[in-house]
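The values are calculated or read from the model by the stated rules, or taken from the named source; none is laboratory data. Model, not experiment: these values are computed from the prediction. Note that we place each Cβ from the backbone using ideal geometry, even for glycine, and neighbour counts take in every protein chain shown.
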Amino acid sequence: MKKLFIRIFDFFNTIESKIAFYPTLLAFSGFLAAILMIYLEQHGISNKIMDVFPLLMVEDGDTALTVLSACLGGLISLMVFSFSMVMLLLSQASNNYSPRLLPGLISDKRHQLILGTYLATILYNIFTLFSIEPSEEKYTLPGFSVLLGIAFTILCLAAFIYFIHNISQSIQINNILDNIFKDAEKRLQKLIESEEKSIKNFPNTENWHECKTGRSGYFQNISISNILNICEEEKTKIYITVPKGLFVLKNAVFFKSEKILDEKIVEAIVSNISFSRAELIEDNYILAFKQITEITVKAMSPGINDPGTAINAIDYLTDLFALRMQKRDNGIIVSEEKTRLKIAIVTFEELIYNVMASLRTYCKHDPIMVEKLLWMLTYLQKQPGAQENYKEAVKLEMKTLVEQAKKSFDSERDVVAIEKMATD
């Protein structure tokens, strides 16, 4: 049952990020609302409301048809314009910042809910139109259904105003960076808290038995409790050799076992791991570092040339690195004081090297950007409580940055400035 629940959760987590998920649900709810109102109209709901609030009811079939037809035509135009705005947003974000931002922007629930509201109202008005006859009298006209159609249309107009406001905010780089940072911060905090009981040693896995997945994709989620139960039943330990969030090749080694496992057990372990063709920050905080780094690199490219955006991105990188320095590099999962599972992770040294390697390439010629990077590294080196090997990695990156920047600068004054900053 747990395995089934994990799979259902993973499936929902995957389809929820699709742009058509919530619009489809709301459109179906609009259809159901229209069917429900047709049923209620057959039982005289409009007659009862007419006796209480006669001014709210439409008393002529031709008028009702005209009003709903105008609402329907306007909503279709509104929806087309809104979809065009979403596509423009995605295109601009991809061209100016990074294509990796698209999954996060597409999964914005606010946009999906607004588009779904349009679709639900359109379907409701269409099916309500089918139930109106031009010659109907006011006591046989579905007046309450028409009134709801008008109310839903007004709701769509209010949603459209909010949509314009929200999409104008979504395209701003500060808001994009802030959303990326918040998702990564939430994930990192969760991992840091989970490490409080994981201060254990793990055996050397060099001579352990290797196993493959037989499938490929991004290592997205894992059912830790189920795999720990398998380890307990088989009296073995498992080391997953691929860090979470990275791409797994079907013929590459994915995990090692202390004991030889038969094919059924291997398949049971693999079935508790979900693979995806997309990456999400909620599952892999490393993606946040990649996205912010790519935004910085794109901003410093000759085609964009936007150092202000690059400086803002480095500020967020600094904060994320400082938080990452609070996390250990062990990846050991502890259950009931036993260490039966270890998951490989991207170490801090690897992470800061990958980020700085890209930033050095595109920023080493700009004195202001080099000073900003040195400021970031100096700040990280002074983080209280950070492990000594983390500080050594930061120191090495600082030394490499200064060496490359000195070779790229034409002005002796710039060279002196960064040397002074690096030694302070």
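Things worth noting here:
- Residue count, segment 167-225 (criterion: over 28 Å from Gln291 (Cα atoms) and of a type in the set (Asp, Glu)): 3
- Note on segment 164-198: among residues that are more than 22 Å from Ile114 (Cβ to Cβ) and acidic (Asp, Glu), the one that is modelled with the highest pLDDT is Glu185.
- Restricted to strands (runs of 3 or more DSSP E) entirely inside segment 148-256, those with at least 1 residues that are farther than 30 Å from Ile38 by Cα and among the basic types (Lys, Arg) are 209-212.
- Boolean, Val242 is free of Cβ contacts under 8 Å to residues at least 40 places away in the same chain, among the aliphatic types (A, V, I, L, M) and crowded, with 17+ Cβ neighbours inside 10 Å: no
- Residue in segment 18-31 that is among the charged types (D, E, K, R) and either modelled with pLDDT of 80 or more or buried (at least 16 other Cβ atoms within 10 Å of the Cβ) (or both) present: no
- Pairs where the first residue, in segment 315-330, is at positive phi and the second is surrounded by fewer than 18 Cβ atoms within 10 Å (Cβ to Cβ) and among the basic types (Lys, Arg), C-beta under 9 Å, 6+ apart: none
Let's see how each residue does on (1) modelled with pLDDT of 85 or more; (2) in a helix (DSSP H, G or I); (3) within 25 Å of the chain's Cα centre (by Cα):
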position: Ile281; (1), (2), (3): no, no, yes
position: Thr296; (1), (2), (3): yes, yes, yes
position: Pro302; (1), (2), (3): no, no, no
position: Asn305; (1), (2), (3): no, no, no
position: Ile311; (1), (2), (3): yes, yes, yes
position: Asp315; (1), (2), (3): yes, yes, yes
position: Gln326; (1), (2), (3): yes, no, yes
position: Asn330; (1), (2), (3): no, no, no
position: Leu341; (1), (2), (3): no, no, no
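- Filter pass, Lys259 being in contact (Cβ under 8 Å) with a residue 24 or more places away in the chain and surrounded by fewer than 20 Cβ atoms within 10 Å (Cβ to Cβ): yes
- Qualifying residue in segment 345-358 (condition: over 26 Å from the mean Cα position of the chain (by Cα) and surrounded by 15 or more Cβ atoms within 10 Å (Cβ to Cβ)): no
- Residue within segment 355-376 that is out of contact with any helix residue (DSSP H, G or I) (no Cβ under 7 Å at 6 or more places or on another chain) and not in a helix (DSSP H, G or I) present: no
- Checked against (1) crowded, with 23+ Cβ neighbours inside 10 Å; (2) at pLDDT below 90; (3) of a type outside the set (Lys, Arg), Thr121 meets all criteria but (2).
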